[in-house]
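A short write-up of the structure that comes next.
The values are calculated or read from the model by the stated rules, or taken from the named source; none is laboratory data. As the structure is a prediction and not an experimental result, all values here were calculated from the model. So basically every Cβ, Gly included, is an ideal-geometry build from the backbone, and we count neighbours across all protein chains shown.
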């Protein structure tokens, strides 16, 4: 993947692209890969770096969403569990099984959560990562060294997935490039082209290259808007009066030293004060604690965790860890914005759907919502819709069982594991250019 080559491809293009994808996060990159593997001439434009925003600031989980069982959203859970299995199979160098324990401190909780997780396991079917089981207090302490043991009654152990979000995004970009897509970062869409006058269908984009300052008018048979929390700003380029689809919600995370929970297992806190679930997860020799759910009026490219969010995470982690973390124990903080599909007024964002929404307006296909686990399914649906809008030949999706760039069945030592089959080349580069290592 080479930006100079991508710019050269753009300059040499004399006919409209089949599809232009706006947005280089999980969904946009998945769309570019899906479209390219179907043989559509595809261009992706990203105003910053790939996955710079939301897609690199997740809780690093591949999961069906245990809490959606409580909401009765079985379709969402089943779809996400199916897609979890596909990511684990297609990107084994970037994903793995992760055991979780829900500690219980009240009578009947182990039975309640054990029953729910049994359903979760059955919904996964052949994609199950292991059987859930109830633990007594002694077993729970062994599984979770560092857990607060006062009044502990037991726990429930279950299995879900974990992945490297930023590296998976890079591998999606490389995979799309490998299959013929053209991807350009630091190139912002500043406007939309029309087939004729006002009110005619969208027929391309006006893009500004942040590296050179050059502006390009780029025609396409269809434009796909995959800009996450910025979805509505692109939609209003086509329809200024368009009703908002997205309710941005901020999710903050804190990073702690592993000494607070030194074992392999993660903790799932089943219910926080605001009705969410919270995770305390081993991640790259540290602990990741998250996340919050804070409604945000104006989406920013570089969101910052609020002091109240950090306090919330520390307080809830302290209820479950024997050594309660303090503000000075926080090693780092990051926050991302979720593009939640907007519901009626008066709803907390924690109650809004992580399911996605696809909208076709004036020749512009917009997709928003969803989560990392379901990026591939979202991409498939977006490309199907775009092909219909553009009257392109219908071609089947090929990504369900497509190994991603770098995928290898061989277990490589950390930290080279995330590079997969590129590990040897990366190691050689580090040896040749030690100043880059």
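The residues on offer are 289, 255, and the sole one that is under 21 Å from residue 98 (Cβ atoms) and surrounded by fewer than 18 Cβ atoms within 10 Å (Cβ to Cβ) is 255. Is it the case, given these coordinates, that residue 217 is in contact with a strand residue (DSSP E or B) (Cβ under 9 Å, 6 or more places away or on another chain), part of a loop (DSSP other than H, G, I, E, B) and in the same structural domain as residue 375 (by TED's automatic domain parsing)? Taking the combined requirement at face value, the residue does not satisfy it. Given the condition farther than 18 Å from residue 267 by Cα, over 20 Å from the mean Cα position of the chain (by Cα) and in contact (Cβ under 8 Å) with a residue 24 or more places away in the chain, answer yes or no: does some residue in region 152-159 qualify? No - not one qualifying residue is present in region 152-159. Residues that are touching a residue at least 12 places away in the same chain (Cβ under 8 Å) and farther than 25 Å from residue 379 by Cβ within region 213-226 comprise 215, 217, listed in sequence order. Of the residues making up region 311-329, those that are part of a helix (DSSP H, G or I), touching a residue at least 12 places away in the same chain (Cβ under 8 Å) and closer than 24 Å to residue 100 by Cβ are 312, 313, 314, 316, 317, 319, 320, 329. In region 293-310, the count of residues that are part of a helix (DSSP H, G or I), at pLDDT 95 or above, in contact with a strand residue (DSSP E or B) (Cβ under 9 Å, 6 or more places away or on another chain) and surrounded by 19 or more Cβ atoms within 10 Å (Cβ to Cβ) is one or more. Selection of region 317-328 for residues being over 27 Å from the mean Cα position of the chain (by Cα), closer than 28 Å to residue 300 by Cβ and crowded, with 17+ Cβ neighbours inside 10 Å yields only 325. Restricting attention to region 106-131 and to residues that are crowded, with 19+ Cβ neighbours inside 10 Å and touching a strand residue (DSSP E or B) at 6+ places or on another chain (Cβ under 6 Å), the residue that is farthest from residue 88 (Cα to Cα) turns out to be 110. For residue 72, the conditions (1) part of a helix (DSSP H, G or I); (2) out of contact with any helix residue (DSSP H, G or I) (no Cβ under 9 Å at 6 or more places or on another chain); (3) modelled with pLDDT under 95; (4) surrounded by fewer than 17 Cβ atoms within 10 Å (Cβ to Cβ) are fulfilled apart from (1). Inspect all residues belonging to region 414-421 and state whether any of them is modelled with pLDDT of 90 or more, closer than 23 Å to residue 163 by Cβ and buried (at least 21 other Cβ atoms within 10 Å of the Cβ). No, there is no match, as no residue in region 414-421 is modelled with pLDDT of 90 or more, closer than 23 Å to residue 163 by Cβ and buried (at least 21 other Cβ atoms within 10 Å of the Cβ).
A single member of 84, 134, 167 is closer than 30 Å to residue 52 by Cα, in contact with a helix residue (DSSP H, G or I) (Cβ under 6 Å, 6 or more places away or on another chain) and surrounded by fewer than 22 Cβ atoms within 10 Å (Cβ to Cβ), and it is 167. What do you reckon, is residue 196 more than 28 Å from residue 59 (Cβ to Cβ) and at pLDDT below 95? The answer is yes for residue 196.
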